[in-house]
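Notes follow the structure.
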Amino acid sequence: LGLGVGTRIPAWGSMIANGRQFMLNAWWISTLPGLALLILVLSINLLGEGLRDILDPRLKID
């Protein structure tokens, strides 16, 4: 479809996938982008939960 990221643009998913073959010798090639992706996803999740707590009128106690 051609809707994805271009081949010359680095992405965390491709960095993790390309580093699998070097996992025994250079573990940081896949581990560090994986940790960055994990931290990003958890941060977005916590931000969404916080916004829901602030903005949802059903959760407010009078």
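DSSP loop trypsin sites (Lys or Arg not before Pro) in the chain with at most 16 other Cβ atoms within 10 Å of their Cβ, which ones?
Passing both the DSSP loop test and the Cβ count: R8, K60.
Take F22 and L3, extend 7 Å from each Cα along the Cα→Cβ direction, and tell me the distance between the two endpoints in nm.
Output for this residue pair reads 3.2 nm.
Would you mind telling me which residue in G34, G13, G50 has the biggest mean-square fluctuation in a Gaussian network model of the chain, where springs connect alpha carbons within a distance under 10 angstrom?
G50
Taking Cα Rg over 2.2 N^0.38 Å straight from the coordinates, which label in (i) 1.35; (ii) 1.72; (iii) 1.20 is the correct one?
The value computed from this structure is option (ii).
At 0.36 nm per residue, and after removing the present C-alpha to C-alpha distance, how many nm does the segment from L38 to S14 gain when stretched out fully? Before the final figure, lay out the partial values.
On the way: separation 24, 0.36 × 24 = 8.64 nm, distance 1.47 nm.
Fully extending the segment from L38 to S14 adds 7.2 nm.
Given only helices, namely DSSP H runs of n ≥ 4 each adding -39500 (n - 2.57), what is the per-residue ellipticity at 222 nm of the chain, to the nearest 500 deg cm²/dmol?
Details: 2 runs with 35 residues, N = 62.
The helix contribution divided over the chain gives -19000 deg cm²/dmol.
What nm distance separates the two modelled labels at T31 and L46, each placed 7 Å from Cα along Cα→Cβ?
About 2.2 nm separates the two model spin labels.
So what's the angle, to the nearest 10 degrees on a 0 to 90 scale, between helix 28-55 and the longest Cα principal axis of the chain?
10 degrees
Any read-out appearing in this document is the output of simple, stated calculations on the displayed coordinates, not a laboratory observation. Predicted model, so just to flag it, every value in this text is computed and none were measured. Note that we place each Cβ from the backbone using ideal geometry, even for glycine, and neighbour counts take in every protein chain shown.
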